[in-house]
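Below is one structure, written out as structure tokens, with a few remarks after it.
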Amino acid sequence: MMNARATRPLRILQVTHQGDFGGSTNSITNLSRGRAARGHEVFLLVRPASLLARRFAELPCPPANLPDTN
């Protein structure tokens, strides 16, 4: 039996400097969408020009941008 705490939505922050084509981008996309579909609040911190930033720009809370480290 689940306790009340286990049924509350989570606030999840995913941070990556990657975010272009590749396995990690697909994993973050699938995990984020799946968690959001289950009622969790998902936040992303990504590079502004990345594929992830474009994929999630339509979210109610769009991705935040990582500062330029170059």
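The values are calculated or read from the model by the stated rules, or taken from the named source; none is laboratory data. Computed from a predicted structure; not experimentally measured. Cβ atoms come from the backbone with ideal geometry, glycine included; neighbour counts cover every protein chain shown. Surface accessibility is based on the protein's heavy atoms, side chains included, excluding ligands, DNA and RNA. Shrake-Rupley method; radii C 1.70, N 1.55, O 1.52, S 1.80 Å.
Quick one: would you say I12 is modelled with pLDDT of 90 or more, surrounded by 10 or more Cβ atoms within 10 Å (Cβ to Cβ) and either in contact with a strand residue (DSSP E or B) (Cβ under 6 Å, 6 or more places away or on another chain) or in a loop (DSSP other than H, G, I, E, B) (or both)? Spelling it out, I12 is indeed modelled with pLDDT of 90 or more, surrounded by 10 or more Cβ atoms within 10 Å (Cβ to Cβ) and either in contact with a strand residue (DSSP E or B) (Cβ under 6 Å, 6 or more places away or on another chain) or in a loop (DSSP other than H, G, I, E, B) (or both). The residue that is most open to solvent (accessible area, probe 1.4 Å), among those in segment 16-28 that are closer than 20 Å to N65 by Cβ and modelled with pLDDT of 85 or more, is S24.
Residue by residue, here is whether (1) among the small types (G, A, S); (2) farther than 20 Å from R11 by Cβ; (3) modelled with pLDDT of 85 or more holds:
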| position | (1), (2), (3) |
| --- | --- |
| N30 | no, no, yes |
| A36 | yes, no, yes |
| L44 | no, no, yes |
| L52 | no, no, yes |
| C61 | no, no, no |
| T69 | no, yes, no |
